[in-house]
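Quick notes on the structure that follows.
The values are calculated or read from the model by the stated rules, or taken from the named source; none is laboratory data. Just so it is clear, the model here is predicted, and its values are computed rather than measured. Ideal geometry is used to build each Cβ from the backbone, glycine not excepted, and the neighbour counts take in all protein chains shown. Note: areas computed on protein heavy atoms with side chains; ligands, DNA, RNA excluded. Shrake-Rupley method; radii C 1.70, N 1.55, O 1.52, S 1.80 Å.
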Amino acid sequence: MTRTKLEHFLKSVGYPDRVSEGSSSFTMRVDGMEIVAKEANGRIVLSYSLSDDSAIVPTLCSYAAGRILREDAVLACDKSAAFLWQDAPASSSEREMIRLFETFVDSCDWWRERVDALRGGATASSAPDDAMVIRP
């Protein structure tokens, strides 16, 4: 039986659960986060919902320009939520899949710390010591 690209990704990163037959997306539980892995248009796309609190989105966006210089994950927003995503070709090698996963989880951790700080009452103008903030 031929593995799907999503199954290849999960096996590459050593995730123990299996994808349901015919499924093109899978929710992984990693370090208290729910990361969605999806096969779409020849790519493996990882996404993680950061917050549905629209009040903190402007502050998160102020960090995004500097983070683009440090990581491949992208901050995105829709009507009700801020989320991270990162992708790679579905034809990537096992080593590239592992790298995709590791770098994405690292990015999620950094952004999750910022969200937690903002929810805990940090002021909108403060930035963490390791943040690069570029403002217009």
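For C108, work out the one condition from (1) under 22 Å from T4 (Cβ atoms); (2) modelled with pLDDT of 95 or more it doesn't fulfil.
(1)
Yes or no, residue by residue, for (1) modelled with pLDDT of 90 or more; (2) assigned to a strand (DSSP E or B); (3) open to solvent by less than 20 Å² (accessible area, probe 1.4 Å):
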site: F26; (1), (2), (3): yes, yes, no
site: K38; (1), (2), (3): yes, yes, no
site: S47; (1), (2), (3): yes, yes, no
site: A55; (1), (2), (3): no, no, no
site: L60; (1), (2), (3): yes, no, yes
site: Y63; (1), (2), (3): yes, no, yes
site: E71; (1), (2), (3): yes, no, no
site: L75; (1), (2), (3): yes, yes, no
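Within segment 77-91, can one find any residue that is within 21 Å of M33 (Cβ to Cβ), in a helix (DSSP H, G or I) and aromatic (F, W, Y)?
No.
State yes or no: is L84 touching a helix residue (DSSP H, G or I) at 6+ places or on another chain (Cβ under 7 Å) and under 18 Å from A117 (Cα atoms)?
Details: touching a helix residue (DSSP H, G or I) at 6+ places or on another chain (Cβ under 7 Å): yes; under 18 Å from A117 (Cα atoms): yes.
For L84, the condition - touching a helix residue (DSSP H, G or I) at 6+ places or on another chain (Cβ under 7 Å) and under 18 Å from A117 (Cα atoms) - is met.
For residues that are of a type in the set (S, T, Y) and surrounded by 13 or more Cβ atoms within 10 Å (Cβ to Cβ), scanning just segment 1-23, find the one that is nearest to D109 (Cα to Cα).
Filtering first and then ranking leaves Y15.
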